[in-house]
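The values are calculated or read from the model by the stated rules, or taken from the named source; none is laboratory data. In this text, all values refer to a predicted model and were calculated from it rather than measured experimentally. Cβ atoms come from the backbone with ideal geometry, glycine included; neighbour counts cover every protein chain shown.
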Amino acid sequence: MPKNFVPQDQYFKKAKELGYRARSAFKLEEIQKKFRLLKPGSDVLDLGAAPGSWLQYASKIVGQHAKLVGLDLQPIESLGKNIKTFTVDIFSPEAEELIKKYHPETFPIILSDLAPATSGQKELDHLKSVDLNQQVVDLAEKFLSPRGTMVLKIFQGGELNDFVKELKNKFRKVDIYKPKASRSRSFEIYIIAVR
């Protein structure tokens, strides 16, 4: 059996049954059930959107009249008329230009399930994760609506407390949550920040 073999769990099987592209849809489902952040008609910006399961889940809640925009380094196969995806680096100026061009207004919801390519060194991966999230926060300052909500995935580590403190200075409400659908050995957690 390969060293990195992961047995298919209940979420993987459920994703296949329900037509989701990845098991991560259930993490967003749990976040939604607890925090009720997605609302019918709300436009959504999804950063790190490949393969598209968060966009799939979000579109079920927000409906066909909402616009959903997804960005990732990996291409995302078409998901529907109201979902526009771009293959782009979120650190590039082009990312901002594409968002503005397709969606000139701000978004009530920004989602980010971004994760760095992992090295296996926990603290290094954590620092890379903080950098990614810092960029999401920078984009949120431009693209998140005044009373909007942002969801971030971050790897736990030494800089987490400082990062959360920084968010608390910028956002009205900041919660930390670990969905059951996150693998037990994973050191990812989610931050829900409300402007």
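The number of residues in segment 91-116 that are outside any helix (DSSP H, G or I) and touching a residue at least 40 places away in the same chain (Cβ under 8 Å) comes to 13. Whenever a residue of segment 167-195 is among the hydrophobic types (A, V, I, L, M, F, W, C), its partners that are outside any strand (DSSP E or B) and loosely packed, with under 15 Cβ neighbours inside 10 Å, lying with C-beta atoms within less than 6 angstrom and at least six residues away or across chains, give the pairs Val174/Lys168; Val194/Arg172.
Looking across Lys142, Lys81, one residue alone is closer than 19 Å to Ala58 by Cα and either assigned to a loop (DSSP other than H, G, I, E, B) or in contact (Cβ under 8 Å) with a residue 24 or more places away in the chain (or both). It is Lys81.
Checked against the criterion of being out of contact with any Asp or Glu (no Cβ under 6 Å at 6 or more places or on another chain), closer than 19 Å to Ala50 by Cβ, part of a helix (DSSP H, G or I) and not charged (D, E, K, R), segment 117-128 contains not a single residue that satisfies it. The residue of segment 66-81 that is nearest to Ser129 (Cα to Cα), among those that are of a type outside the set (A, V, I, L, M) and at pLDDT 95 or above, is Asp72.
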